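Bear in mind that the values in this text are calculations on the coordinates, not laboratory data. This one's a predicted model, so the numbers in the text were calculated from it and none came from an experiment. Here Cβ is always computed from backbone atoms with ideal geometry, including for glycine, and neighbour counts include all displayed protein chains.
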Amino acid sequence: MAGSEPNDDTASHSGGELDDVERVLVAGASGDTGTELLSVLRPTDLTVRATTTSYANVDDLEQLGADEIVVADFFEPRDAIVAVEDCDVVFCTLGTSPSYRHTVGGKLIDRTGVVNLVTAGLGQHVSHFVHQSAIGVGSSKSGLPLPARLLIRGSLRAKRDAEAALGRSGLSYTIVRPGKLTTDPPRGDLVVGEGGDSVSGSVPRADVARLMAAAPFTPEARNRTFEVVSREGLSGAPTQLVDVDWAFDCIEADRERMRL
């Protein structure tokens, strides 16, 4: 099974280590997944800090519900420290914009920026780090067709290195590897695998954002890496599926749209 119906008993997710979460960081908030995360987090009681690389995006992020905005270049370690300061949870959606660098690699935000953010999180004693990676990275490479892997091989290597750095850091973390991301409305029919060669296909960004938002409040999701697609977007036969009781009640997610 991909997951279960959100539990009507909200107390089922209380008493955890993250009950005192007050401020969260959405790194890469002006990107597509980042804006979806802001939409999910907006109705909660959390103070949401958003980052962007351009002052031109500040007004848009405010309208999307960001309480605090930091203009940051995560290639700079000091900017990462400023962004993370006083945050309890980090949601990382950093990624390289489409370009030849996806193929040739080099100094990519997918690696350098994420590592700087992880290091800053350690220094600021962040409680949990949620990282958006991708199917095709590391042990999940078979979930992405070979032509696509070759086309974005530089980016995949960078994401692999970032995952490894997070895993070694000692931070509590959840890594989410979505399949091909779409702009479709949220379906709530997620298929979640674990172990790399588990699932492949596509998934709406909106569903990925809701899963990421629930992860810090889901004890079963700590220190695990999940591959995620939608049932409608599933390609091939899934294996190594996991059933996780995602804490959607903690983020006040729309249950009608998030029936897993």
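The figures follow:
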{"read-out": "Neighbourhood charge, 15 Å Cβ-Cβ cut-off, centred on ALA72 and excluding it, Lys, Arg +1 and Asp, Glu -1", "value": "-4"}
{"read-out": "Order of ILE69, ILE175 under a 10 Å beta carbon neighbour criterion, fewest first", "value": "ILE69, ILE175"}
{"read-out": "Ranking of CYS92, CYS87 by count of other Cβ atoms within 10 Å, fewest first", "value": "CYS87, CYS92"}
{"read-out": "Loop chymotrypsin sites (Phe, Trp or Tyr not before Pro), segment 60-166, which have at most 11 other Cβ atoms in a 10 Å radius of their Cβ (DSSP)", "value": "TYR100"}
{"read-out": "Most positive-pole-ward Cα, LEU146, VAL228, ALA214, against dipole of the chain from beta carbon charges", "value": "LEU146"}
{"read-out": "Residue order, fewest to most surrounding Cβ atoms within 10 angstrom, among THR225, THR53, THR183", "value": "THR183, THR53, THR225"}
{"read-out": "Rg followed by Dmax, in Å, when the chain is reduced to its Cα trace", "value": "16.8, 49"}
{"read-out": "Separation of the ARG222 and VAL82 label points, Cα + 7 Å toward Cβ, nm", "value": "3.3"}
{"read-out": "THR183 versus GLU232: modelled label distance in nm, points set 7 Å from Cα along the beta carbon direction", "value": "1.6"}
{"read-out": "FRET E, pair ARG157, ASP60, Förster distance 41 Å, beta-carbon r, rounded to 0.05", "value": "0.80"}
